[in-house]
Amino acid sequence: MADIAFLLLVFFLVTTTMDQQKGLRVQLPPYPDPNVPPPVVEQNDRNVLEVLVNSADQLLVERKPLRLEALTDLTKKHIQNEGRLPNFSDSSQAAVVSLKNDRGTSVERYVQVYNELIRAYNEARDEYSRSKYGRSYADLPDKSDEQIAVKKKYPMKISEAEPVEY
Amino acid sequence: MSKFKKNGGKESPAINTSALPDIVFMLLFFFMVATKMRDPSVLVRTNVPTVSEVEKIVKKSWVNHILVGPPLNTAEFGNSPRIQFDDKFGDVEGANGVGVFITMKKNEQPEGIRDYLTTSIKADRSVRMGLIQDIKQELRKINSLKLLYSASEGDVEE
């Protein structure tokens, strides 16, 4: 009995793969209807943080080159600006991050840039949650009023440009 | 001193092994449950990027995987990145395309959860975004909008 159980145990031990599915969760925009012209959205320039990644994996943020490490802080500055500095957003609700990449950008750099943007939002939400509720954002119960309020205060608006045909 | 001398005839008692099958069975059941049997043979190299803000997938069965990367068998398939789903190569468009595959996977699931299905793109870090963009466009066309860029957890390295 124990022999058979051991045999099976060894088999499952060998075949088990314990890899966990991890990654950056992203919501894609719906596919635009070709018959309907894209809606014209009046977007104040100051509310949009423009992030470009070129085919050499270099960053251009608001038309200025930037190192990857500085992106999180700049994004946070943008979404937490609340109308103070003229170049950054009016309010956290209005703030948008526009991400545009080249077809030659590597997946590694794209995922890294996306990660920095998500990190900026997570940190901003966390700081807000701590100051308002005295708890970190991660500790707020799922779908609770507090969590929804924090999400509403800092909605993650990362817009990806439609791919351009060359 | 004779206190510490061993009495010649006394043997140490045998360990009671009657509980061993129980323990083995417990481990067996654990691994049986934890094992994911359908492990498709991997045809492409997927060395995923390392980032800090990863999320874990809770419902593993609600995820469909698309692998993108240079083929492992370079002699036969060359160096340029290929798309793999299940255990064969696929294309971006057409009858063997991403859209057809994901739609097929969607139809296998009960009606209620089809909108919750996530597509995981497990792409090698060297792959260019052009290919990923094409896949994303195909996913948008079939209105499968939940996406996960597979990545491992760690510090971002420049």
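Calculated mean residue ellipticity, 222 nm, chain B: -8000 deg cm²/dmol, from DSSP H runs (n ≥ 4) at -39500 (n - 2.57) each, averaged per residue and rounded to 500.
Past 18 Å, Cα to Cα: identify those pairs from A:Lys143/B:Lys136; A:Lys22/B:Lys88; A:Lys22/B:Lys59; A:Lys77/A:Lys153, in the order given. Mind showing how you got there, number by number?
Details: A:Lys143/B:Lys136 29 Å; A:Lys22/B:Lys88 23 Å; A:Lys22/B:Lys59 12 Å; A:Lys77/A:Lys153 15 Å.
Too far apart for the 18 Å limit: A:Lys143/B:Lys136; A:Lys22/B:Lys88.
Straight-distance candidates among the aspartates and glutamates for linking to B:Lys56, with alpha-carbon spacing under 13 Å and chain neighbours fewer than 8 residues away dropped: A:Asp19, B:Glu153. Using the Cβ-Cβ distance between B:Phe25 and A:Asp142 with R0 set to 30 Å, the FRET efficiency from 1/(1 + (r/R0)^6) comes to roughly 0.25.
For A:Gln21, the residues whose amide H sits under 5 Å from its own are B:Ile57, ignoring neighbours fewer than 5 places away on the same chain, with H placed 1.01 Å from N. Shown is the FRET efficiency for B:Val33 and A:Arg63, computed with R0 = 51 Å from the Cβ-Cβ distance and rounded to the nearest 0.05: 0.40.
Maximal additional length on extending the B:Lys60-B:Asp155 stretch stands at 31.7 nm, based on 0.36 nm per residue less the C-alpha distance.
We did not get these values from a lab; they are worked out from the coordinates using the rules stated. Please read these numbers as outputs of a predicted model, since none were measured by experiment. So basically every Cβ, Gly included, is an ideal-geometry build from the backbone, and we count neighbours across all protein chains shown.
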